[in-house]
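Each remark here refers to the structure printed beneath this line.
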Amino acid sequence: MNHRTPFFGANWKMHKNQRQAQEFFKNSQTIKWPQNAEVVVFTPSHLLLPCASQSNLSLGAQNFFFEEQGAYTGEISAWMLAQENIHYALVGHSERRQIFKEDFNLIAQKVKVGLNTGLSIILCVGETLKEREENIHFDLIKEQLSSALKDIDLSQPKNIIIAYEPVWAIGTGKTASPEQAEEMHLWIRKQLSDLFDNTLAQQIRIIYGGSMKPENAPSLMERPNIDGGLIGGASLEAQSFYQVVLACEKNKD
Ligand code: PGA
């Protein structure tokens with residue numbers, strides 16, 4: 001059995017108004033969430049503060065900018081999040097890399113600033129179908145990890161979580177097989193060991209994302225290097241998110 005606390009994130013993306021979020025947390029209050037897992041809901045940013053008083057789960061931001069304050073129309077900063085007791089944030093999601101053209105450099109800056117501000121960062125990495133077919137996916141993930149993590153001083157391994165999200169599995173209903181996911185998670189752990197050291201690499205959680213749902217979560221969670229999930233579609237209802245989180249009880253012995 002490994003000693004890593006399972007981590008599950010609900011990535012709501014650009015979904016839900018305040019009433020719908022309230023409904024989610026009303027349902028969530030009736031659920032006995034597993035004590036042995038860390039569970040975080042990444043709401044759209046305008047819902048973070050209204051949800052804070054209603055949520056029995058931790059909240060996180062889907063995005064932030066690396067400067068603390070200034071003339072950056074439309075942005076919020078890691079500092080602003082921390083001031084409001086929001087301690088988790090996603091960085092490098094494939095939608096931000098692809099649609100918002102976030103490059104390696106920007107992502108590296110966000111990781112650094114986020115960690116320095118005291119946030120726990122969920123760094124997302126993943127390849128497109130084309131990259132997998134061209135067999136460059138291992139090299140690509142290596143580059144995504146080393147560019148984002150090379151300059152960081154990781155005193156708190158629990159504050160960085162890697163989310164492996166194959167782009168071809170996100171929102172498509174196609175999940176990576178447990179074998180495909182485990183193979184990449186092992187590769188990621190090896191990269192972490194090269195970037196830091198083996199002790200730290202064994203402590204960092206590596207979670208899977210991409211059409212994870214109640215039906216496929218248990219077989220993914222059985223794998224020794226899959227430490228949780230980042231869940232989009234199946235996290236919009238409290239009950240289905242809970243059913244995914246329950247897979248943390250899967251025995252890895
Ligand atoms: P999905 O999204 O579960 O809807 O595939 C996962 C994500 O993008 O984080």
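The values are calculated or read from the model by the stated rules, or taken from the named source; none is laboratory data. Just so it is clear, the model here is predicted, and its values are computed rather than measured. Ideal geometry is used to build each Cβ from the backbone, glycine not excepted, and the neighbour counts take in all protein chains shown.
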*Evaluate the following for LYS250: is it surrounded by fewer than 17 Cβ atoms within 10 Å (Cβ to Cβ), among the basic types (Lys, Arg), more than 17 Å from the chain's Cα centre (by Cα) and more than 16 Å from the ligand (Cβ to nearest atom)?*
yes
*Taking the stretch 67-115 as the region of interest, how many residues are away from the ligand (no atom under 16 Å from the Cβ) and in a loop (DSSP other than H, G, I, E, B)?*
16
*Residues in the stretch 42-65: is at least one part of a strand (DSSP E or B), within 16 Å of the ligand (Cβ to nearest atom), in contact with a Gly (Cβ under 9 Å, 6 or more places away or on another chain) and of a type in the set (A, V, I, L, M)?*
no
*From the options ILE170, ILE206, ILE162, residue that is within 16 Å of the ligand (Cβ to nearest atom), buried (at least 17 other Cβ atoms within 10 Å of the Cβ) and closer than 23 Å to LYS16 by Cβ*: ILE170
*If a residue has to be of a type in the set (A, V, I, L, M, F, W, C), surrounded by 23 or more Cβ atoms within 10 Å (Cβ to Cβ) and part of a helix (DSSP H, G or I) to count, how many in the stretch 217-247 make the cut?*
7
*the stretch 62-96, subset in contact with a Phe, Trp or Tyr (Cβ under 7 Å, 6 or more places away or on another chain) and among the aliphatic types (A, V, I, L, M), residue surrounded by the fewest Cβ atoms within 10 Å (Cβ to Cβ)*: ILE76
*May I ask you to verify whether PHE138 is within 16 Å of the ligand (Cβ to nearest atom), surrounded by fewer than 18 Cβ atoms within 10 Å (Cβ to Cβ) and outside any strand (DSSP E or B)?*
no
*asked:* For the stretch 181-197, which positions are assigned to a helix (DSSP H, G or I), of a type outside the set (D, E, K, R) and away from the ligand (no atom under 15 Å from the Cβ)?
replied: MET184, HIS185, LEU186, TRP187, ILE188, GLN191, LEU192, SER193, LEU195
*Close pairs from the stretch 170-198: first closer than 16 Å to LEU123 by Cβ and at pLDDT 95 or above, partner part of a loop (DSSP other than H, G, I, E, B) and within 16 Å of the ligand (Cβ to nearest atom), Cβ under 8 Å, at least 6 apart*: MET184/PRO166; MET184/ALA176; HIS185/ILE226
*Name the pairs: first residue in the stretch 1-23 and farther than 28 Å from LYS158 by Cα, second residue more than 16 Å from the ligand (Cβ to nearest atom), Cβ to Cβ under 7 Å, at least 6 apart or on different chains?*
LYS16/LEU47; GLN18/LEU47; GLN18/PRO50; GLN22/GLN54
